[in-house]
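Contents: one structure, followed by commentary.
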């Protein structure tokens with residue numbers, strides 16, 4: 001093979017690969033960076049937020065609420081301290097009964113921010129986590145719920161006027 005034949009062969013190969021790549025790209029579905037149907041405070045949620053939230057949940061919440069969002073055993077029964085154990089954040093708990101706004105307030109300011117005088121072992125995370133990190137944790141939790149719980153929680157959030 002001569003140098004000219006080799007160069008022609010390389011260009012032919014590059015041209016074929018480029019054309020094939022363009023055809024594949026043209027047939028691909030556009031990539032949507034949002035998680036279908038998932039919102040937080042009325043705004044669409046990015047898949048990257050859910051991924052970040054999963055990591056932040058593992059680092060900040062799983063020690064009490066469980067690695068699989070399962071909560072502490074007997075979470076409906078008061079501890080000897082009179083406080084309640086950490087509830088599950090999966091569909092067996094009550095997290096999905098609350099609006100996005102309320103969940104954000106509880107996480108940022110502690111339960112006492114929503115229910116004055118209520119004593120809880122859950123700390124306020126407002127000094128340790130940014131608002132964006134708190135939101136990421138909450139959207140991760142929301143992303144794990146089945147359709148029924150997600151739909152209920154979305155309706156509760158939509159009806160929460162902040163009053």
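Can you pull out every residue in region 107-156 that is farther than 19 Å from residue 45 by Cα, out of contact with any helix residue (DSSP H, G or I) (no Cβ under 8 Å at 6 or more places or on another chain), in contact (Cβ under 8 Å) with a residue 12 or more places away in the chain and not in a helix (DSSP H, G or I)?
Hits for region 107-156 are 110, 123.
Can you name every one of the helices (runs of 4 or more DSSP H) wholly within region 1-81 that holds 3 or more residues which are at pLDDT 95 or above and more than 30 Å from residue 159 (Cβ to Cβ)?
It comes to 47-60.
Here's a check for you: in region 62-102, which residue that is in contact with a helix residue (DSSP H, G or I) (Cβ under 6 Å, 6 or more places away or on another chain) and surrounded by 18 or more Cβ atoms within 10 Å (Cβ to Cβ) is farthest from residue 161 (Cα to Cα)?
This residue is 71.
The values are calculated or read from the model by the stated rules, or taken from the named source; none is laboratory data. Not measured: the values here are computed from a predicted model. Glycine gets a Cβ as well: all are built from the backbone with ideal geometry, and neighbour counts include every protein chain shown.
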